[in-house]
Amino acid sequence: DSDREARPDVVPCAGPVLRAPLEIPVRPVVGLEHSSDVAFADVFVRLCEVDEKGKSWNVSDGYVRLFDAGPHQALRLELSEAAHCFRQGTRLRLQVSGGSHPQHDRNLGTGQSSAFGSVGKCSERLLGLSSSRVLLPVLAAPPSGDAPSRCCSPVARPAVPPSRWPGPRRAPRRWIPG
């Protein structure tokens, strides 16, 4: 994600360093004030976790194609499902951009089909960051003295190798030339 954030068309917004782990059990939601000078516009939003060294990882993202974009629109983007634990000492970062090609079809900004259109139109975008929000449904912290959450605990290795786990086994797949 660090390469993406270096692009001139991506606006990264970082929060403060987390003083405690933060668990999100479901999909985050982003409320964004957005303005565009063209009616046909895309908005791509990505929520990332950034470690102490500045390395960024994708946690969840969302995309919307607008057919009636204009000034001062309030957008609500439900991001992809994300059961994730942000570790203590990391930051949350939001990336906002006007598209995500090739992950999503390119938008020419003219209303023409991206498959058959040949002329694109550049757009100017404005983001109202003071009125934009990231809504994170979080799990409550355990009461003091209780065991920490499994999600934010160090990864436990199984005592029994997977080959000896109980349960049904599948026959090995074989490729038969035809």
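Residues V45, V96: which one is among the hydrophobic types (A, V, I, L, M, F, W, C) and farther than 18 Å from V26 by Cβ? If you could, list the steps in order and put the result at the bottom.
Working: V45 fails: farther than 18 Å from V26 by Cβ.
None of the other options fit; the residue is V96.
Only strands (runs of 3 or more DSSP E) wholly contained in the stretch 61-169 count here; list those with 2 or more residues that are modelled with pLDDT under 65 and under 20 Å from L22 (Cα atoms).
none
Scan V43, V30 and give me the residue that is out of contact with any His (no Cβ under 8 Å at 6 or more places or on another chain) and either of a type in the set (A, V, I, L, M, F, W, C) or closer than 17 Å to L135 by Cα (or both).
Values: V43 fails: out of contact with any His (no Cβ under 8 Å at 6 or more places or on another chain).
From the options V43, V30, the qualifying one is V30.
Between a residue in the stretch 24-39 that is within 16 Å of D9 (Cα to Cα) and any residue that is modelled with pLDDT under 85 and part of a strand (DSSP E or B), which pairs come within a Cβ distance under 6 Å, given they are 6 or more apart or on different chains?
Pairs that qualify, where the first residue is within 16 Å of D9 (Cα to Cα) and the partner is modelled with pLDDT under 85 and part of a strand (DSSP E or B), are S35/L126; S36/R125.
In the stretch 12-52, how many are open to solvent by less than 30 Å² (accessible area, probe 1.4 Å), in a strand (DSSP E or B) and either of a type in the set (A, V, I, L, M) or in contact with a helix residue (DSSP H, G or I) (Cβ under 7 Å, 6 or more places away or on another chain) (or both)?
Residues meeting the conditions: 9.
If I filter the stretch 88-97 for residues that are open to solvent by 90 Å² or more (accessible area, probe 1.4 Å) and closer than 15 Å to V11 by Cα, do I get at least one hit?
Within the stretch 88-97, not a single residue is open to solvent by 90 Å² or more (accessible area, probe 1.4 Å) and closer than 15 Å to V11 by Cα.
Kindly indicate which of G70, G62 is open to solvent by less than 40 Å² (accessible area, probe 1.4 Å) and more than 9 Å from the chain's Cα centre (by Cα).
Working: G62 fails: more than 9 Å from the chain's Cα centre (by Cα).
Matching residue, one of G70, G62: G70.
The values are calculated or read from the model by the stated rules, or taken from the named source; none is laboratory data. The model shown is predicted, which means the values in this text are computed figures rather than measured ones. As a convention, Cβ positions derive from the backbone with ideal geometry for all residues, glycine included, and neighbour counts pool all protein chains shown. Accessible surface is based on the protein model in full, side chains and every heavy atom, while ligands, DNA and RNA are left aside. Shrake-Rupley method; radii C 1.70, N 1.55, O 1.52, S 1.80 Å.
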